[in-house]
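Worksheet for the structure shown next.
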Amino acid sequence: MENELGEAWGDLGFDEARDFIHALDNGTLEFIALAVREDDEADLGRIGEVINAARSKDIAVILIPENLSTAGLRELLRLGADDFVPYPLAEGALHDAIDKIRRAKAPAPAPVAELPAAPPTVATGQRMDGNSAIFAVQNLAGGTGATTLAVNMAWELAHADKKNPPSVCLLDFDLQHGSVATYLDLSRRDIVLELLQDATTMDVDGFKQALVTYNDRLPVFTTPAEIVPLDLIGPDEVNAVIDLASQSFDIVVIDMPRTMVMWTETVLNRADLYFLTLELDLRSAQNAMRFITACKSEDLPMEKLHFVLNRAPGMTDLNGKNRMKKMADSLGVSFSTHLPEGGKPVMQAGDNGEPLAEAAKKNPLRKEIMKLTDGLYKAMVAGASAKG
């Protein structure tokens, strides 16, 4: 607080803070920071009174929770807290939270017609020129649709051009719980485990022997038949597998494990775009914040990250759209892609081992993934033309 405000701040208990805020005139205080510990969870009502007092005077509230349960944090956010920064504070985290609040209170620009989120683009002049494009997908919470996106993205890209379709390979790097093989009803080959362990000495022919092809169009590198440790491979092996795939295909799509591993950085640095799937809930927000903090601390290329909001609110869901904007602002990101709820047909397609294009062609989720891949492919072709 001293770094941000110098001497222009004070330290009060919850009851003192409530009474102090009630005595203030509107516009006197910009924000309060509420440090809430695990021990305080039994008295959330008293903390809620402080938040309510602040909201009544248009004072922003930043939570600084320490070991607070998800239910407790959710309740305080529901009561009207604007943002939260977990303790211990990452470097610059409090500054970022204060900056977001100040930007939110700045005069709003004149309203404009709402436009759909623009699809992410691939750097001009780098792809479809003999070098593979690499797209990675990782979920930030279980069940947020990363594998569904990876499988259907790969399938749609493989059909992006009817006259001259690109060659696409799908790599399942979720070594413990990967389900790409299940989603496409493919067998898992024993040679996969051998290749992973000997990737640095494997050649292209050996790599291709490990692939299983879906409907003669999409070669897939599945996970091993048995669960193996995530540290079975390291950055060298991951780089080698990506090299082999890049030498063999125009486009490589990688389905990542949810856990950050020692080779997550390797894939992020190699990828053209790194898609992160999440939903409009607290667990996704918390995990996204942790992921962003980790990337910033390691100085990783943040510009490659594209946040995909699954089960996004529809056009008429004003409350949902407000929550979506609040979540994006609190994380300091934008949702480059909004995926709608696809319903039971999505689950049925996965259980039946079929892409949505074959199982539920007109499903709204499939249509949005088509828009995404169409934008990616056009950007790749335009980049190659510009370079040529």
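Selection among ILE62, ASN52, ALA23 by position relative to the dipole of region 1-72 gives ASN52 as farthest towards the positive end (Cβ unit charges, Cα centre).
Our analysis of region 3-78 gives Rg over Rh at 0.96, with the two radii drawn from alpha carbon positions and Rh computed by the Kirkwood formula. Each of ASN26 and LYS371 was given a label point 7 Å from its Cα along the Cα-to-Cβ line. The distance between the two points is 3.9 nm. As a calculated quantity, the FRET efficiency between GLN176 and LEU318 at R0 = 51 Å, using C-beta atoms, amounts to about 0.80.
Computed with a 1.4 Å probe over protein heavy atoms only, the accessible surface of the chain comes to 50 Å² per residue. From zero outward in steps of 20 Å, how is the percent of C-alpha pairs of the chain spread across the bins? All Cα pairs, binned at 20 Å, distribute as 25, 50, 22, 3 percent.
Placing dummy labels 7 Å off each Cα toward the beta-carbon, the span from LEU12 to ASP58 is 1.9 nm. Say the dipole of region 245-306 comes from +1 at the beta carbon of Lys and Arg and -1 at that of Asp and Glu; which of VAL267, HIS306, ALA288 then lies farthest toward its positive end? Farthest towards the positive end: ALA288. For LYS163, the lysines whose Cα comes closer than 20 Å to its Cα, not counting residues fewer than 8 places off in the same chain, are LYS371, LYS378. With both labels modelled 7 Å from their Cα along Cα-to-Cβ, the ALA42 to ARG258 distance reads 3.2 nm. Charges were assigned to the Cβ only: +1 to each Lys and Arg, -1 to each Asp and Glu. The resulting dipole of the chain about its Cα centre is roughly 1860 debye.
Take TYR377, TYR87, TYR274, TYR183 and sort them by solvent-accessible surface of the protein heavy atoms, 1.4 Å probe, largest at the top. Walk me through the numbers before you get to the answer.
On the way: TYR377 20, TYR87 125, TYR274 0, TYR183 70 Å².
Of TYR377, TYR87, TYR274, TYR183, the descending order of accessible area is TYR87, TYR183, TYR377, TYR274.
Judged by the mean number of other Cβ atoms found within 10 Å, the most tightly packed of the peptides 36-44, 9-17, 304-312 leads the ranking 304-312, 36-44, 9-17.
Around the amide H of LEU339, modelled in the peptide plane, lie the amide H atoms of LEU309, ASN310, ARG311, ALA312, all under 5 Å away and 5 or more residues distant in sequence or on another chain.
Rounded to the nearest 20 debye, the dipole size of region 297-388 about its Cα centre is 380 debye, using +1 on the Cβ of Lys and Arg and -1 on the Cβ of Asp and Glu.
The values are calculated or read from the model by the stated rules, or taken from the named source; none is laboratory data. The structure presented is a predicted model; accordingly, all values stated were derived computationally and were not measured. Because the Cβ atoms are built from the backbone with ideal geometry, glycine has one as well, and the counts that use them run over all protein chains shown. Heads up: the accessible areas ignore ligands, DNA and RNA and are worked out on the full protein's heavy atoms, side chains in. Shrake-Rupley method; radii C 1.70, N 1.55, O 1.52, S 1.80 Å.
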